[in-house]
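First the structure, in the form of C-alpha coordinates, and then the observations on it.
The values are calculated or read from the model by the stated rules, or taken from the named source; none is laboratory data. Since this is a predicted model, take the numbers as computed values, not measurements. Don't worry about glycine lacking a Cβ; one is built from the backbone with ideal geometry, like all the others, and counts go over all protein chains shown. For the accessible areas, the whole protein counts, side chains as well, though only heavy atoms, and no ligand, DNA or RNA atoms are used. Shrake-Rupley method; radii C 1.70, N 1.55, O 1.52, S 1.80 Å.
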Amino acid sequence: MSKIAVIGSISTDFVVTADKRPEVGETITGNDFSTTFGGKGANQAVASARLGGEVYMAGTVGTDLFGKELIHNLTENKIHTDYVEPVTHVPSGSAHITIVDGDNAIVYIPGANNAIDNNRMEKLSELIESSDIVVVQNELPQAVVEKIIDFCFAQQIKVIYNPAPAREVNQSVLEKATYLTPNESEFNLLFPEMTISEGLAKFPNQLIVTMGSKGVYYHDGTSEKHISSYKVNPIDTTGAGDTFNGAFAVALTAGLDMEASIRFGNLAASLSIQKFGAQGGMPTLAEMKESEQYEKTWNIK
Ligand code: RIB
(Lines give C-alpha, C1' and ligand atoms only; values in the text may rest on other atoms or scores of the structure.)
Protein backbone atom coordinates (compact mmCIF):
# COMPACT_ATOMS: atom_id res chain seq x y z
CA MET A 1 0.00 0.00 0.00
CA SER A 2 1.23 3.52 -0.75
CA LYS A 3 2.59 5.49 2.17
CA ILE A 4 1.28 9.02 2.80
CA ALA A 5 3.21 11.28 5.19
CA VAL A 6 1.30 14.26 6.56
CA ILE A 7 3.52 16.77 8.33
CA GLY A 8 1.52 19.47 10.06
CA SER A 9 -0.56 20.85 12.86
CA ILE A 10 -2.50 18.80 15.37
CA SER A 11 -4.96 20.93 17.35
CA THR A 12 -8.10 21.01 19.43
CA ASP A 13 -10.94 23.04 17.94
CA PHE A 14 -13.07 25.06 20.37
CA VAL A 15 -16.22 25.64 18.39
CA VAL A 16 -19.19 27.91 19.05
CA THR A 17 -22.25 28.21 16.86
CA ALA A 18 -24.20 31.46 16.82
CA ASP A 19 -26.81 33.27 14.71
CA LYS A 20 -24.45 36.17 13.98
CA ARG A 21 -20.88 37.25 14.63
CA PRO A 22 -20.42 39.86 17.38
CA GLU A 23 -19.37 43.40 16.44
CA VAL A 24 -16.31 44.87 18.16
CA GLY A 25 -17.25 45.53 21.81
CA GLU A 26 -20.50 43.56 21.53
CA THR A 27 -21.47 40.47 23.55
CA ILE A 28 -24.00 38.11 22.04
CA THR A 29 -25.49 34.86 23.27
CA GLY A 30 -24.54 31.93 21.09
CA ASN A 31 -26.24 28.56 20.62
CA ASP A 32 -23.70 25.83 21.31
CA PHE A 33 -20.12 25.05 22.30
CA SER A 34 -18.07 21.91 21.70
CA THR A 35 -14.47 20.77 21.48
CA THR A 36 -13.57 18.71 18.43
CA PHE A 37 -10.37 17.40 16.88
CA GLY A 38 -8.71 19.63 14.31
CA GLY A 39 -5.52 21.14 13.00
CA LYS A 40 -5.14 21.25 9.24
CA GLY A 41 -2.41 18.60 9.33
CA ALA A 42 -4.32 16.16 11.52
CA ASN A 43 -7.51 16.79 9.51
CA GLN A 44 -5.75 15.92 6.25
CA ALA A 45 -4.21 12.82 7.85
CA VAL A 46 -7.62 11.66 9.11
CA ALA A 47 -9.23 12.33 5.72
CA SER A 48 -6.61 10.16 4.00
CA ALA A 49 -6.72 7.39 6.60
CA ARG A 50 -10.53 7.08 6.53
CA LEU A 51 -10.30 6.63 2.78
CA GLY A 52 -7.88 3.74 3.20
CA GLY A 53 -4.52 5.51 3.01
CA GLU A 54 -1.53 4.17 4.99
CA VAL A 55 -0.88 7.44 6.82
CA TYR A 56 2.07 8.57 8.93
CA MET A 57 1.51 11.81 10.83
CA ALA A 58 4.41 13.99 11.93
CA GLY A 59 4.07 16.95 14.26
CA THR A 60 4.31 18.16 17.83
CA VAL A 61 1.73 18.36 20.62
CA GLY A 62 1.95 19.56 24.22
CA THR A 63 2.38 17.23 27.18
CA ASP A 64 -1.02 18.41 28.43
CA LEU A 65 -4.26 16.43 28.44
CA PHE A 66 -5.16 17.81 25.03
CA GLY A 67 -1.92 16.43 23.58
CA LYS A 68 -2.74 12.93 24.83
CA GLU A 69 -6.23 13.10 23.37
CA LEU A 70 -4.94 14.44 20.06
CA ILE A 71 -2.57 11.48 19.71
CA HIS A 72 -5.31 9.07 20.80
CA ASN A 73 -7.61 10.43 18.12
CA LEU A 74 -4.97 9.87 15.44
CA THR A 75 -4.46 6.29 16.62
CA GLU A 76 -8.21 5.70 16.63
CA ASN A 77 -8.20 6.74 12.98
CA LYS A 78 -5.48 4.15 12.26
CA ILE A 79 -2.76 6.74 11.71
CA HIS A 80 0.85 5.93 12.62
CA THR A 81 1.99 8.36 15.32
CA ASP A 82 5.68 7.39 15.76
CA TYR A 83 6.64 10.83 14.43
CA VAL A 84 4.26 12.79 16.65
CA GLU A 85 6.33 14.18 19.49
CA PRO A 86 5.01 15.56 22.80
CA VAL A 87 6.94 18.68 23.79
CA THR A 88 7.04 20.44 27.15
CA HIS A 89 6.72 24.17 28.00
CA VAL A 90 4.02 24.91 25.41
CA PRO A 91 0.33 24.04 25.33
CA SER A 92 -1.07 21.93 22.52
CA GLY A 93 -2.25 23.84 19.47
CA SER A 94 -5.81 25.12 19.39
CA ALA A 95 -8.25 26.79 17.05
CA HIS A 96 -11.13 28.99 18.17
CA ILE A 97 -13.95 28.75 15.70
CA THR A 98 -17.24 30.58 15.31
CA ILE A 99 -19.79 29.02 12.99
CA VAL A 100 -22.62 31.13 11.60
CA ASP A 101 -24.89 29.71 8.85
CA GLY A 102 -22.52 26.77 8.31
CA ASP A 103 -19.49 29.00 7.57
CA ASN A 104 -16.56 29.35 9.92
CA ALA A 105 -14.22 32.08 11.15
CA ILE A 106 -11.08 30.80 12.89
CA VAL A 107 -8.42 32.12 15.27
CA TYR A 108 -5.53 29.63 15.26
CA ILE A 109 -3.07 29.48 18.19
CA PRO A 110 -0.07 27.34 17.11
CA GLY A 111 1.25 26.49 20.61
CA ALA A 112 3.16 23.20 20.38
CA ASN A 113 2.68 23.05 16.60
CA ASN A 114 5.43 25.67 16.34
CA ALA A 115 7.89 23.45 18.22
CA ILE A 116 8.62 21.46 15.07
CA ASP A 117 11.87 23.23 14.27
CA ASN A 118 14.61 22.49 11.79
CA ASN A 119 16.38 20.13 14.24
CA ARG A 120 13.30 17.94 14.50
CA MET A 121 13.09 18.06 10.72
CA GLU A 122 16.32 16.06 10.54
CA LYS A 123 14.48 13.10 12.08
CA LEU A 124 11.75 13.39 9.49
CA SER A 125 14.02 12.84 6.53
CA GLU A 126 13.76 9.03 6.88
CA LEU A 127 9.95 9.30 6.93
CA ILE A 128 9.90 11.51 3.87
CA GLU A 129 12.35 9.31 1.96
CA SER A 130 10.21 6.23 2.55
CA SER A 131 6.92 7.91 1.57
CA ASP A 132 5.11 7.94 -1.77
CA ILE A 133 3.67 11.36 -1.17
CA VAL A 134 4.07 14.07 1.47
CA VAL A 135 1.34 16.53 2.45
CA VAL A 136 2.15 19.82 4.18
CA GLN A 137 0.23 23.00 5.07
CA ASN A 138 0.90 26.45 6.57
CA GLU A 139 0.15 25.80 10.26
CA LEU A 140 3.86 25.05 10.88
CA PRO A 141 6.69 27.59 10.91
CA GLN A 142 7.42 28.72 7.36
CA ALA A 143 11.11 27.71 7.62
CA VAL A 144 10.07 24.13 8.34
CA VAL A 145 7.52 24.07 5.52
CA GLU A 146 10.22 25.29 3.13
CA LYS A 147 12.69 22.70 4.33
CA ILE A 148 10.16 19.91 3.80
CA ILE A 149 9.39 21.09 0.26
CA ASP A 150 13.09 21.56 -0.57
CA PHE A 151 13.86 18.09 0.71
CA CYS A 152 10.99 16.47 -1.23
CA PHE A 153 12.08 18.31 -4.36
CA ALA A 154 15.70 17.17 -3.97
CA GLN A 155 14.63 13.54 -3.31
CA GLN A 156 12.03 13.66 -6.10
CA ILE A 157 9.23 12.74 -3.72
CA LYS A 158 5.80 14.11 -4.56
CA VAL A 159 4.59 16.82 -2.21
CA ILE A 160 1.14 18.38 -1.94
CA TYR A 161 1.51 21.87 -0.51
CA ASN A 162 -1.76 23.26 0.83
CA PRO A 163 -0.77 26.89 1.57
CA ALA A 164 -3.43 27.39 4.25
CA PRO A 165 -3.87 29.57 6.19
CA ALA A 166 -2.75 32.26 3.76
CA ARG A 167 0.66 33.85 4.14
CA GLU A 168 3.27 35.13 1.73
CA VAL A 169 5.59 32.43 0.39
CA ASN A 170 8.72 32.72 -1.70
CA GLN A 171 7.95 31.91 -5.38
CA SER A 172 10.88 29.47 -5.58
CA VAL A 173 9.23 27.37 -2.83
CA LEU A 174 5.89 27.36 -4.64
CA GLU A 175 7.56 26.20 -7.83
CA LYS A 176 9.10 23.18 -6.08
CA ALA A 177 5.77 21.79 -4.85
CA THR A 178 4.45 18.97 -7.02
CA TYR A 179 0.90 20.13 -6.31
CA LEU A 180 -0.12 23.49 -4.88
CA THR A 181 -3.70 23.68 -3.57
CA PRO A 182 -4.67 27.20 -2.44
CA ASN A 183 -8.24 28.39 -2.19
CA GLU A 184 -9.18 31.62 -3.95
CA SER A 185 -8.02 34.04 -1.23
CA GLU A 186 -4.79 32.11 -0.66
CA PHE A 187 -4.13 32.25 -4.41
CA ASN A 188 -4.62 36.03 -4.40
CA LEU A 189 -2.10 36.45 -1.60
CA LEU A 190 0.46 34.14 -3.20
CA PHE A 191 0.14 35.56 -6.72
CA PRO A 192 -1.10 39.15 -6.32
CA GLU A 193 0.05 40.10 -9.80
CA MET A 194 -1.84 37.33 -11.60
CA THR A 195 -5.44 36.42 -12.32
CA ILE A 196 -6.39 32.87 -11.45
CA SER A 197 -6.39 31.94 -15.15
CA GLU A 198 -2.89 33.36 -15.61
CA GLY A 199 -1.66 31.45 -12.54
CA LEU A 200 -3.18 28.19 -13.72
CA ALA A 201 -1.61 28.56 -17.17
CA LYS A 202 1.78 29.30 -15.58
CA PHE A 203 1.66 26.16 -13.40
CA PRO A 204 -0.11 23.48 -15.50
CA ASN A 205 -0.91 20.20 -13.75
CA GLN A 206 0.57 21.70 -10.59
CA LEU A 207 -1.64 24.53 -9.37
CA ILE A 208 -5.12 23.53 -8.23
CA VAL A 209 -7.36 26.33 -7.00
CA THR A 210 -10.23 25.19 -4.80
CA MET A 211 -13.23 27.52 -4.75
CA GLY A 212 -15.72 25.83 -2.42
CA SER A 213 -19.17 25.54 -3.98
CA LYS A 214 -17.78 27.06 -7.22
CA GLY A 215 -15.63 23.97 -7.80
CA VAL A 216 -11.95 23.46 -8.55
CA TYR A 217 -9.79 24.89 -11.35
CA TYR A 218 -6.52 23.68 -12.87
CA HIS A 219 -4.76 23.75 -16.25
CA ASP A 220 -3.93 20.47 -18.00
CA GLY A 221 -1.19 21.88 -20.23
CA THR A 222 -3.59 22.50 -23.09
CA SER A 223 -6.50 24.34 -21.55
CA GLU A 224 -8.01 25.48 -18.28
CA LYS A 225 -10.23 22.89 -16.61
CA HIS A 226 -13.12 23.37 -14.24
CA ILE A 227 -14.33 20.51 -12.04
CA SER A 228 -17.71 21.26 -10.45
CA SER A 229 -18.35 20.66 -6.79
CA TYR A 230 -21.22 18.41 -5.69
CA LYS A 231 -24.25 20.41 -4.56
CA VAL A 232 -25.18 19.81 -0.92
CA ASN A 233 -26.60 21.78 2.01
CA PRO A 234 -23.63 22.42 4.28
CA ILE A 235 -23.93 22.05 8.05
CA ASP A 236 -20.30 22.99 8.76
CA THR A 237 -17.68 23.79 6.11
CA THR A 238 -14.78 23.55 8.59
CA GLY A 239 -12.20 21.11 7.23
CA ALA A 240 -13.66 20.94 3.69
CA GLY A 241 -10.32 21.94 2.18
CA ASP A 242 -8.50 19.47 4.42
CA THR A 243 -10.81 16.67 3.33
CA PHE A 244 -10.16 17.59 -0.30
CA ASN A 245 -6.38 17.50 0.19
CA GLY A 246 -6.40 14.22 2.13
CA ALA A 247 -8.67 12.55 -0.42
CA PHE A 248 -6.66 13.97 -3.31
CA ALA A 249 -3.51 12.37 -1.84
CA VAL A 250 -5.26 8.99 -1.58
CA ALA A 251 -6.54 9.17 -5.15
CA LEU A 252 -3.14 10.14 -6.57
CA THR A 253 -1.34 7.34 -4.74
CA ALA A 254 -4.02 4.93 -5.96
CA GLY A 255 -2.99 5.85 -9.50
CA LEU A 256 -5.88 8.10 -10.54
CA ASP A 257 -5.10 10.96 -12.89
CA MET A 258 -5.36 14.59 -11.88
CA GLU A 259 -8.96 15.11 -13.01
CA ALA A 260 -10.30 11.95 -11.35
CA SER A 261 -8.32 12.72 -8.18
CA ILE A 262 -9.91 16.16 -8.01
CA ARG A 263 -13.40 14.70 -8.48
CA PHE A 264 -12.67 12.14 -5.74
CA GLY A 265 -11.51 14.99 -3.47
CA ASN A 266 -14.60 17.04 -4.27
CA LEU A 267 -16.93 14.18 -3.42
CA ALA A 268 -15.16 13.54 -0.10
CA ALA A 269 -15.36 17.26 0.77
CA SER A 270 -19.05 17.44 -0.13
CA LEU A 271 -19.80 14.55 2.23
CA SER A 272 -17.66 16.02 5.01
CA ILE A 273 -19.49 19.35 5.17
CA GLN A 274 -22.82 17.66 5.80
CA LYS A 275 -21.83 16.90 9.40
CA PHE A 276 -20.52 18.99 12.27
CA GLY A 277 -16.80 19.31 13.08
CA ALA A 278 -13.71 19.37 10.91
CA GLN A 279 -13.30 15.61 11.16
CA GLY A 280 -16.88 14.75 12.12
CA GLY A 281 -18.12 14.27 8.57
CA MET A 282 -14.99 13.02 6.84
CA PRO A 283 -16.17 9.95 4.95
CA THR A 284 -14.77 6.45 5.07
CA LEU A 285 -14.11 4.73 1.76
CA ALA A 286 -17.23 2.61 2.34
CA GLU A 287 -19.31 5.78 2.78
CA MET A 288 -17.83 7.21 -0.42
CA LYS A 289 -18.79 4.04 -2.27
CA GLU A 290 -22.37 4.30 -0.99
CA SER A 291 -22.68 7.73 -2.60
CA GLU A 292 -24.55 7.90 -5.93
CA GLN A 293 -21.76 10.10 -7.25
CA TYR A 294 -19.01 7.55 -6.57
CA GLU A 295 -17.47 6.54 -9.91
CA LYS A 296 -16.77 2.84 -10.39
CA THR A 297 -13.73 3.63 -12.53
CA TRP A 298 -12.03 5.13 -9.49
CA ASN A 299 -11.42 1.58 -8.32
CA ILE A 300 -9.86 2.56 -5.00
CA LYS A 301 -9.40 -0.31 -2.52
O1 RIB B 1 -8.99 23.71 8.14
C2 RIB B 1 -9.74 23.67 9.31
C3 RIB B 1 -8.86 23.65 10.51
O4 RIB B 1 -8.12 24.83 10.58
C5 RIB B 1 -9.61 23.54 11.81
O6 RIB B 1 -9.83 22.20 12.20
C7 RIB B 1 -8.76 24.30 12.77
O8 RIB B 1 -7.93 23.49 13.53
C9 RIB B 1 -8.01 25.29 11.89
O10 RIB B 1 -6.76 25.58 12.27
(message) Out of the residues in region 78-89 meeting the condition of being surrounded by fewer than 19 Cβ atoms within 10 Å (Cβ to Cβ) and either within 16 Å of the ligand (Cβ to nearest atom) or acidic (Asp, Glu) (or both), tell me which one is nearest to SER34 (Cα to Cα).
(response) GLU85
(request) Output the number of residues of region 200-219 satisfying the condition of being closer than 23 Å to PHE264 by Cβ, without any contact (Cβ under 8 Å) to a residue 40 or more places away in the chain and either of a type in the set (A, V, I, L, M, F, W, C) or part of a helix (DSSP H, G or I) (or both). (result) 8
(request) Tell me the strands (runs of 3 or more DSSP E) entirely within region 1-42 that contain at least 3 residues that are of a type in the set (A, V, I, L, M). (result) 3-7
(request) Select from region 244-280 the residues that are open to solvent by 10 Å² or more (accessible area, probe 1.4 Å), at pLDDT 95 or above and touching an Asp or Glu at 6+ places or on another chain (Cβ under 8 Å) and list them in ascending order. (result) THR253, MET258, GLU259, ALA260, ARG263, LEU271, ILE273, LYS275, GLY280
(request) Look through region 108-132, keep the residues that are of a type in the set (Gly, Ala, Ser) and assigned to a loop (DSSP other than H, G, I, E, B), and return whichever of them is surrounded by the fewest Cβ atoms within 10 Å (Cβ to Cβ). (result) SER130
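Within region 176-183, can one find any residue that is open to solvent by 40 Å² or more (accessible area, probe 1.4 Å), part of a helix (DSSP H, G or I) and more than 24 Å from ILE148 (Cα to Cα)? So that I can check it myself, show each step before the final result.
So in region 176-183, the residues open to solvent by 40 Å² or more (accessible area, probe 1.4 Å) come out as 176, 178, 183.
Keeping just the survivors that are part of a helix (DSSP H, G or I) gives 176.
Within this subset, residues satisfying the condition of being more than 24 Å from ILE148 (Cα to Cα) are none.
Within region 176-183 (the criterion being open to solvent by 40 Å² or more (accessible area, probe 1.4 Å), part of a helix (DSSP H, G or I) and more than 24 Å from ILE148 (Cα to Cα)), the answer is no, since none of the residues qualifies.
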(request) Evaluate the following for ALA49: is it within 12 Å of the ligand (Cβ to nearest atom) and modelled with pLDDT of 95 or more? (result) no
(request) Return yes or no: is PHE33 over 26 Å from ALA247 (Cβ atoms) and within 14 Å of the ligand (Cβ to nearest atom)? (result) no
(request) Check ASN73, ASN104 and return the single one that is within 19 Å of the chain's Cα centre (by Cα), at pLDDT below 95 and crowded, with 17+ Cβ neighbours inside 10 Å. (result) ASN104
(request) Might you check whether a residue that is in contact with a strand residue (DSSP E or B) (Cβ under 8 Å, 6 or more places away or on another chain) and surrounded by fewer than 23 Cβ atoms within 10 Å (Cβ to Cβ) occurs anywhere in region 236-243? (result) yes
(message) I want to confirm something. Restricting to region 92-135 and keeping residues that are among the charged types (D, E, K, R) and away from the ligand (no atom under 16 Å from the Cβ), which single residue is nearest to PHE153 (Cα to Cα)?
(response) GLU129
